[in-house]
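This report concerns only the one structure given below.
Derivation of every value follows stated rules applied to the coordinates shown; laboratory data play no part. Predicted model only: the values in this text are computed from it and were never measured. Quick reminder, even Gly has a Cβ in these numbers, built from the backbone with ideal geometry, and neighbours come from all protein chains shown.
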Amino acid sequence: MDNSHHLHLNLFNGQLIPRIGLGTWQCTPDEVKEAVNDALEAGYRHIDTAYLYQNEAAIGEVIQEWINSGKLKREELFITTKLPFTGNKPEKVEHFLKLSLENLKLDYVDLYLIHFPIGFRGEDDHDLFPRDENGRLILDFDSNMITLWKAMETQVEAGRAKAIGLSNFNSHQIERIVQTSRIKPANLQVEMHAYFQQKRLRAYCKKHDIVVCAYGPLGSKGRVDFSARFGVPKPQVPDVLDDPVVAEIANAHMKTSAQVLLRHLIQLNVVVIPKSVSQSRIRENYEVFDFVLTANEMEKLSQLDKNNRTFIFDEYDGVPDHPEYPFIIPY
Ligand code: NAP
């Protein structure tokens, strides 16, 4: 049954996850304060961040203001954050989650994700992209996903995370965790948009009752700035926002292309976390519950899939050659 007009999806543990959240990657602390405030005003109750984004403390300030002023209760919010790549060791999980909670000024997060299946060997909490004397990223070749996941489970039992999940894992890696877990992953966050619809991975997750969350749902055009910092060639970003089929469907509903792209994923039962720092676009991206795409329109959008993965993490040198590099198998 189509319940895409509902604002939430159910996680397997009974928790409700809002179908739309605010993405915050590449937002500076000042930008994110304004964006989170605008988003909460617009009705968003789900915020996606990560220790790596270095903006948790600013997000925490806004949340605290809203809660202290009585405008919001903690339980109305759904906050996701992620273990940094340098935290992919069982003994580091609690430490990094406690740092995130301190930043966010919260007692618990609603969802804690392992950000990436490959770990980096950092010297300290601030050394997020550790490099050796030759300037090469120091990758961890000894990490063990099973023991790492056990440390994640401990966080649920300790009440620091309501649910735990994965990001950028392929189906074989997820399977290893599902087979050995006491508390299974509730969520998988991966790249997904009209040109990269991940049909097989979605079907796999559905089988295991894992809710999928799409990052880069609008094509992540701001990613170009990020890659420039690493001195790698400009990534090819998918121009889904300019697609003529999307524009035609948008016109028919008097909506924008962004709204159609988000609505398409929502109707596929995928959670979306579009990032914006513009008040008008933050509002625009939330106005996706007052129209429904027809079966024919959904089919036209599904036909746009080009299996076009653009987040390949090649800005992190050596990562594509690591044995746990997730994107060498089809899904
Ligand atoms: P995205 O949400 O697909 O795209 C954001 C870009 O689109 C920004 O440049 C934004 O610019 C622009 N934009 C937003 N709304 C728009 C609209 N209505 N019309 C036109 N342009 C619009 O890309 P993303 O930030 O890469 O992904 C979303 C979130 O997913 C991230 O912020 C992060 O929270 C998460 N993420 C997670 C991972 C992971 O490894 N787990 C990786 C990437 C992203 P303005 O800000 O100027 O509006």
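Here the contact order of the chain, divided by its residue count and restricted to Cα pairs under 8 Å and six or more residues apart, works out to 20 percent. Which distance in Å, rounded to a whole number, links the C-alpha centroids of segment 123-140 and segment 227-270? The two parts, judged by their Cα centres, are 34 Å apart.
Of all DSSP beta bridges confined to the chain, the antiparallel ones make up roughly 20%. Entry note, the chain: the mean residue ellipticity at 222 nm calculated from DSSP H runs of n ≥ 4, each adding -39500 (n - 2.57), is -10500 deg cm²/dmol after division by the residues and rounding to the nearest 500.
With N the number of residues in segment 45-147, Rg(Cα) / (2.2 N^0.38 Å) evaluates to 1.19.
Mind ranking 307-315, 24-32, 129-137 by how tightly packed they are, going by the mean number of other C-beta atoms within 10 angstrom, highest first?
Numbers: 307-315: 15.2, 24-32: 18.6, 129-137: 11.0.
My ranking of the peptides, most packed first, is 24-32, 307-315, 129-137.
If I build a Gaussian network model for the chain, linking alpha-carbon pairs within less than 10 angstrom, which residue out of 203, 42, 295 has the largest mean-square fluctuation? Residue with maximal mean-square fluctuation among 203, 42, 295: 295. Could you list, in their original order, any pairs among 82/105; 89/275; 33/306; 89/234 whose Cα atoms are separated by more than 26 Å? Long pairs (Cα-Cα over 26 Å): 89/275; 33/306; 89/234. Starting from the Cα gyration tensor of segment 164-247, take the square roots of the eigenvalues, sort them a ≥ b ≥ c, and report rounded, prolate or oblate (rounded when a/c is under 1.5, otherwise prolate if a/b is larger than b/c, else oblate). Oblate, since a/c reaches 1.5 and b/c is not below a/b. What share of the DSSP beta bridges in segment 47-191 is antiparallel, in percent to the nearest 5? Among the beta bridges of segment 47-191, antiparallel pairing accounts for roughly 10 percent.
Let me make sure I get this right: for segment 163-315, a, b and c are the square roots of the gyration tensor eigenvalues over alpha carbons, sorted descending. Under 1.5 in a/c it's rounded, otherwise prolate if a/b > b/c, else oblate. Which is it? In terms of gyration-tensor shape, oblate. Annotation: amide H of residue 164 within the under-5 Å range of 112, 186, sequence separation 5 or more or interchain, hydrogens built in the peptide plane. Projecting the Cα atoms of 181, 27, 220 onto the charge dipole of the chain, computed from C-beta unit charges around the Cα centre, puts 181 farthest toward the positive end. In whole angstrom, note down how far apart the Cα centers of segment 28-91 and segment 272-331 are. When both Cα centres are located, 21 Å separates them.
Hey, how much of the P(r) for the chain falls beyond 30 Å, as a percent of Cα pairs? Don't jump to the answer; show the numbers that get you there.
Values: 17046 of 54615 pairs.
Counting every Cα pair in the chain, those more than 30 Å apart make up 31 percent.
Stokes-Einstein diffusion for segment 238-282, with the hydrodynamic radius set to the Kirkwood value over Cα pairs and evaluated at 25 °C in a medium of 0.890 mPa s, equals 219 µm²/s.
Phi angles across segment 261-274 convert, under the Karplus curve 6.51 cos²θ - 1.76 cosθ + 1.60 with θ = phi - 60°, into 3J(HN,Hα) values of 4, 5, 4, 4, 5, 4, 6, 8, 6, 9, 6, 10, 10, x Hz, Gly and Pro given as x. Here the Karplus curve 6.51 cos²θ - 1.76 cosθ + 1.60, taken at θ = phi - 60°, turns the phi angles of segment 218-232 into couplings of 9, x, 6, 5, x, 5, 4, 5, 5, 4, 4, 5, 9, x, 9 Hz, with x standing for Gly and Pro. Put +1 on the Cβ of every Lys and Arg and -1 on every Asp and Glu Cβ in segment 73-133; which of 126, 77, 97 then has its Cα farthest towards the positive end of the dipole? My answer, from the dipole projection, is 77.
Run the dipole for the chain about the Cα centre, Lys and Arg Cβ at +1, Asp and Glu Cβ at -1, nothing else charged, and hand back the magnitude in debye, nearest 20. Please list the in-between numbers first.
Values: 37 positive and 46 negative charges, 176 e Å.
About 840 debye.
Each residue of segment 70-77 is assigned a 3J(HN,Hα), and the resulting list reads x, 6, 8, 9, 3, 6, 7, 9 Hz, derived from the Karplus form 6.51 cos²θ - 1.76 cosθ + 1.60 (θ = phi - 60°), x at Gly and Pro.
In terms of the ratio Rg/(2.2 N^0.38 Å) built on C-alpha atoms, what value belongs to segment 1-87? The partial results should precede the final answer.
Numbers: Rg = 13.7 Å, N = 87, 2.2 N^0.38 = 12.0 Å.
Taking N as the residue count of segment 1-87, the ratio is 1.14.
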